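The values are calculated or read from the model by the stated rules, or taken from the named source; none is laboratory data. Everything numeric here is computed off the predicted structure, so don't read it as measured data. To get the accessible areas, we keep the full protein, side chains included, count just its heavy atoms, and leave off ligands, DNA and RNA. Shrake-Rupley method; radii C 1.70, N 1.55, O 1.52, S 1.80 Å.
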Amino acid sequence: MPCADAEWQHKQKSRKLRMLRFWRDGLERQLAAVSAAITTLEQQIERDQSAQS
């Protein structure tokens, strides 16, 4: 039975690692979107301030 337990633990850890990587990938996509939105807004603010001068 020890082999079966070790194999089960290995599978569980592998599954957890895949799940965490999936979550990380989603968060990285969201962070990239937020960063792009911030950059765009900063550029618009700078452009608007230049136009008012």
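Using a probe radius of 1.4 Å on heavy atoms only, what accessible surface per residue do you get for the chain? Whole Å² is fine. Please report the intermediate quantities before stating the final value.
On the way: 5240 Å² over 53 residues.
I get 99 Å² per residue for this part.
So if each residue of separation counts as 0.36 nm, and I subtract the Cα-Cα distance between residue 5 and residue 24, what length gain in nm does that give? Provide the component values of the computation, followed by the final result.
On the way: separation 19, 0.36 × 19 = 6.84 nm, distance 2.84 nm.
Stretched fully, the residue 5-residue 24 segment lengthens by 4.0 nm.
Starting from the Cα-Cα distance between residue 45 and residue 14, subtract it from 0.36 nm times their residue separation and give me the gain in nm to one decimal.
Values: separation 31, 0.36 × 31 = 11.16 nm, distance 4.64 nm.
My answer for the length gained is 6.5 nm.
If you plug each phi of the range 40-53 into the Karplus form 6.51 cos²θ - 1.76 cosθ + 1.60 with θ = phi - 60°, what whole-Hz ³J(HN,Hα) values come out, in order, with x for Gly and Pro?
Each residue's phi maps through the Karplus curve to give 4, 5, 4, 5, 5, 5, 4, 5, 5, 5, 5, 5, 6, 7 Hz.
Express the carbon and sulfur contribution to the solvent-accessible surface of the chain as a percent, rounded to the nearest whole number, probe 1.4 angstrom. Don't jump to the answer; show the numbers that get you there.
On the way: 3090 of 5240 Å².
Here it works out to 59 percent.
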